[in-house]
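S.K.: After the structure tokens below, expect a handful of questions from me.
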């Protein structure tokens, strides 16, 4: 067992801070919330979300624009309501997300529908509501959407998602702008696709779309993609097809492990300068941020169940698992892990692999973490606001965690803990023999 004295300093996301030895989110101690609601528990800072959104709004001030939160990052209704009430539209990728968007009070005209596999049922649902735009990802999808819209006596507003073959320099599982990815239409096929769309009676071309990946931490891929998209806009409009809006997607990263992505307002300062230089500064701009709005706003609180020292590895077994926090298992992702109550400065620490109780070797939360903790102590897994609860599952018949939203010194339970009965509700047992 490797033991040291003292613990390294760990940086915390905005709106998370120690007051004395206790970790607070805004004005609320996380330890209090864990006592009230149990663990695992997701806790979100409203101020953190709104601060992240404000950076985008500041960067686009004075321009015609629409910020559509990519709700796949975290689709809890209270989070959607928070962002919609602050001026966001929503970016959806399924009919279920469309229903959530409506439940959260979104205006249909401020909803855009992305994704490679829209069904006819989903298309009808979105057309009936009158959503703002379909981001179309294949020629085959264009033809199906055209047929569905004509059957309904409508014209579907469309933009074509371009695959610009730009390397976002991120994890391959969350890269979406290369030729080897399933997303979008290849750069060289875009003009012919727009000509085809313009000739479809059930379609109305309104824009162009590009999204190259997620957790991007440099400005260069965005600038490269913008140049390629603007080249296409010039070609498309030279063919007599007007482009009303340009959608540059999302993907801006957050600080998980000392990452230093550009601030949203500074990134857009660079992008707008290029847009102006190329004569497109008067176009409506649409963007689809997700992780960068909610990722650092959330933490998952978990209890230490057991310490299991070993010859080669020391395991700290906690009650959160890969069904709650899937990113480490999926992407080998890093999340900072800190105690809710700091140990004394001279407390001995041990290097642990923090793991969950699920019966998979891939069920780990963090590797090689120096922590001074005992069974019964509480930990916070930081930067857990995006792609955690939205991808949570019931593997091992584990109920999904409760969720709490903090606003200043107030806290609201926004999702109750899921019971086994909740999970069984839609199942149908065999008849008695």
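S.K.: For region 212-219, state whether one or more residues are in contact with a helix residue (DSSP H, G or I) (Cβ under 8 Å, 6 or more places away or on another chain) and surrounded by fewer than 22 Cβ atoms within 10 Å (Cβ to Cβ).
M.R.: The initial filter retains those residues of region 212-219 that are in contact with a helix residue (DSSP H, G or I) (Cβ under 8 Å, 6 or more places away or on another chain), namely 212-216, 219.
From what is left, the residues that are surrounded by fewer than 22 Cβ atoms within 10 Å (Cβ to Cβ) are 219.
Taking every residue of region 212-219 in turn, at least one turns out to be in contact with a helix residue (DSSP H, G or I) (Cβ under 8 Å, 6 or more places away or on another chain) and surrounded by fewer than 22 Cβ atoms within 10 Å (Cβ to Cβ).
S.K.: Tally the residues that are in contact with a helix residue (DSSP H, G or I) (Cβ under 8 Å, 6 or more places away or on another chain) and assigned to a strand (DSSP E or B), restricting the search to region 272-297.
M.R.: 2
S.K.: Do you know which residues across region 151-210 are part of a loop (DSSP other than H, G, I, E, B), at pLDDT 90 or above and within 21 Å of residue 236 (Cα to Cα)? Spell out how you get there, then give the answer.
M.R.: Quick first cut of region 151-210, residues part of a loop (DSSP other than H, G, I, E, B) only: 152-155, 164-171, 176-184, 199-202.
In the following step, the residues that additionally are at pLDDT 90 or above were identified as 152-155, 199-202.
Listed by number, the residues that qualify are 155, 199, 200, 201, 202.
S.K.: Criterion first (modelled with pLDDT of 95 or more, over 18 Å from the mean Cα position of the chain (by Cα) and farther than 17 Å from residue 286 by Cβ) does residue 77 satisfy it?
M.R.: no
S.K.: Based on this model, can you work out whether residue 320 counts as closer than 21 Å to residue 12 by Cα and either in a strand (DSSP E or B) or in the same structural domain as residue 411 (by TED's automatic domain parsing) (or both)?
M.R.: Here the answer is yes, as residue 320 does meet what is asked.
S.K.: Would you check if there is a residue in region 305-322 being over 25 Å from the mean Cα position of the chain (by Cα) and under 25 Å from residue 28 (Cβ atoms)?
M.R.: The answer is yes, given that some residue of region 305-322 is over 25 Å from the mean Cα position of the chain (by Cα) and under 25 Å from residue 28 (Cβ atoms).
S.K.: Taking residue 97, is it within 23 Å of residue 233 (Cβ to Cβ) and in contact (Cβ under 8 Å) with a residue 12 or more places away in the chain?
M.R.: No, not satisfied.
S.K.: Can you tell me how many residues within region 247-303 are in contact with a strand residue (DSSP E or B) (Cβ under 9 Å, 6 or more places away or on another chain) and closer than 19 Å to residue 390 by Cβ?
M.R.: Residues flagged as in contact with a strand residue (DSSP E or B) (Cβ under 9 Å, 6 or more places away or on another chain) and closer than 19 Å to residue 390 by Cβ within region 247-303 amount to 19.
S.K.: Looking only at strands (runs of 3 or more DSSP E) that lie completely in region 376-433, which have at least 3 residues being touching a residue at least 60 places away in the same chain (Cβ under 8 Å) and more than 30 Å from residue 332 (Cβ to Cβ)?
M.R.: 410-415
S.K.: Would you mention how many residues in region 123-148 are under 23 Å from residue 89 (Cβ atoms) and either buried (at least 21 other Cβ atoms within 10 Å of the Cβ) or free of Cβ contacts under 8 Å to residues at least 12 places away in the same chain (or both)?
M.R.: 14
S.K.: Then there is this: Give region 119-150 a look and list any residue that's at pLDDT below 95 and under 24 Å from the mean Cα position of the chain (by Cα), or say none.
M.R.: Matches in region 119-150: 137, 138.
S.K.: How many of the residues in region 14-66 are under 30 Å from residue 274 (Cβ atoms) and in a loop (DSSP other than H, G, I, E, B)?
M.R.: Here the count works out to 6.
S.K.: Additional query: Just one of 249, 258 is crowded, with 22+ Cβ neighbours inside 10 Å and either assigned to a loop (DSSP other than H, G, I, E, B) or at pLDDT 90 or above (or both); which is it?
M.R.: Just a single option satisfies the conditions, and that option is 249.
S.K.: Would a scan of region 288-300 turn up a residue that is within 26 Å of the chain's Cα centre (by Cα), in contact (Cβ under 8 Å) with a residue 12 or more places away in the chain, closer than 30 Å to residue 207 by Cβ and surrounded by fewer than 20 Cβ atoms within 10 Å (Cβ to Cβ)?
M.R.: no
S.K.: Sticking with this structure for a sec: I need the full set of residues from region 261-271 which are under 17 Å from the mean Cα position of the chain (by Cα) and in a helix (DSSP H, G or I), in order please.
M.R.: Matches in region 261-271: 264 only.
The values are calculated or read from the model by the stated rules, or taken from the named source; none is laboratory data. Just so we're clear, the structure is a prediction, and the values are computed from it rather than from any experiment. Note: ideal-geometry Cβ built from the backbone for every residue, glycine included; neighbour counts use all protein chains shown.
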